[in-house]
1. Picking from Ser248, Ser244, which residue would you name as being under 18 Å from Gly41 (Cα atoms), touching a helix residue (DSSP H, G or I) at 6+ places or on another chain (Cβ under 9 Å), among the small types (Gly, Ala, Ser) and assigned to a loop (DSSP other than H, G, I, E, B)?
2. Check Ile150, Ile195 and return the single one that is in contact with a helix residue (DSSP H, G or I) (Cβ under 9 Å, 6 or more places away or on another chain) and either hydroxyl-bearing (Ser, Thr, Tyr) or not in a strand (DSSP E or B) (or both).
3. Do any strands (runs of 3 or more DSSP E) entirely within the range 1-120 hold 3 or more residues that are closer than 28 Å to Ala279 by Cα and either basic (Lys, Arg) or at pLDDT 95 or above (or both), and if so, which?
4. Step by step: first the residues of the range 153-176, then only those that are in a loop (DSSP other than H, G, I, E, B) and touching a strand residue (DSSP E or B) at 6+ places or on another chain (Cβ under 9 Å), then the one that is farthest from Gln93 (Cα to Cα). Which residue is that?
5. Could you tell me whether the range 124-134 includes any residue that is assigned to a helix (DSSP H, G or I), under 15 Å from the mean Cα position of the chain (by Cα), polar (S, T, N, Q) and within 30 Å of Leu180 (Cβ to Cβ)?
6. Just one of Val217, Val111, Val158 is without any contact (Cβ under 8 Å) to a residue 40 or more places away in the chain and under 14 Å from the mean Cα position of the chain (by Cα); which is it?
7. Would you please list the contacts, defined by Cβ atoms under 6 Å and residues six or more apart or on different chains, that run from a residue in the range 32-55 that is within 13 Å of Ile125 (Cα to Cα) to a residue that is of a type outside the set (Val, Ile, Thr) and assigned to a helix (DSSP H, G or I)?
8. How many of the residues making up the range 200-233 are in a loop (DSSP other than H, G, I, E, B), more than 25 Å from Asp186 (Cα to Cα) and hydroxyl-bearing (Ser, Thr, Tyr)?
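The values are calculated or read from the model by the stated rules, or taken from the named source; none is laboratory data. Since we're looking at a predicted model, the values are computed, not measured. Note that we place each Cβ from the backbone using ideal geometry, even for glycine, and neighbour counts take in every protein chain shown.
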Amino acid sequence: MGSIEPMLLYGCKLSFGNTGSVTPADAIARGKRTMKPLAAGNWKMNGLKASVSEINALKDKLDGITPACDVMICPPATLVMSLADEVAGSVIQIGGQDCHTAVSGAHTGDVSAAMLRDAGATAVIVGHSERRADHGETSDMVKAKAEAAIAEGLIAIVCLGETLVEREAGETLSVVHAQLNGSLPDGATGATTIIAYEPVWAIGSGLTPTSEQVAEVHQAIRAGLSALTSAEEAHLIRILYGGSVKPSNAAELMAIDNVDGALVGGASLKADDFAGIIAAF
């Protein structure tokens, strides 16, 4: 896949590669991590009551140690309460996978942020590519969901990412730019918001971008956050990478500039695999 030419993003000139820089330099302290990273597992539509055994196995593996990252599992809504009860007192946090914009009402089949919070969740994923594709969610909808989550005291994990067609057309940065600009909740801070970059073509495919490709997008997101919030706040908002993260590639991915953790899919379903990713930090 070809390299992406320098472009203007949020009024900042970006260039990538060994000479990559972001101006103004004072706004982006390149690659400097100022917050604890996060390993978040997205179970998607997987997991039954028997899956408690995997949570207990993960809890046992982490017992008595202090991981170098925060740890979170986002199970289906049916398991949020039981898993939150199971991990109480441990380092594992529980999150949701989606929420409605409303607190309550006639929205059959939906789950509100208030319900997730009441069930024991501390965060919720919004705008995952599967929601954008399968349910037609727009960035405006994602922003509204993120703001609803934050209003209920949850951390909003806002997902961004390009398709393979967009990547091959050289549109990655413009797509991510538009999604970030449209999906970032008003007043976003490091305490309320996490960004997850997941190239759609890498999710569940076994394919991963090169380190250079990941670095250029994360650098662009950091620049965008700086322009949309402030230089200081931008370095308090964690930017996760997601897309076929596994124990064998986690250390390399987590060492990339501006990567502040991972949003993990299939590899989070097994305690051994997820513990291996956690150990990579």
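1. Ser244
2. Only one candidate qualifies: Ile150.
3. In the range 1-120, the matching strands (runs of 3 or more DSSP E) lie at 38-42, 70-74, 92-96.
4. Going residue by residue through the range 153-176, those that are in a loop (DSSP other than H, G, I, E, B) are 153-154, 161-163, 169-171.
Still in the running and touching a strand residue (DSSP E or B) at 6+ places or on another chain (Cβ under 9 Å): 154, 161.
Numbers: Leu154: 12, Gly161: 25 Å.
Restricting to residues being in a loop (DSSP other than H, G, I, E, B) and touching a strand residue (DSSP E or B) at 6+ places or on another chain (Cβ under 9 Å), the top hit is Gly161.
5. Scanning the range 124-134 turns up at least one residue that is assigned to a helix (DSSP H, G or I), under 15 Å from the mean Cα position of the chain (by Cα), polar (S, T, N, Q) and within 30 Å of Leu180 (Cβ to Cβ).
6. Val158
7. Gly41/Ser268; Gly41/Phe274
8. So the answer is 3.
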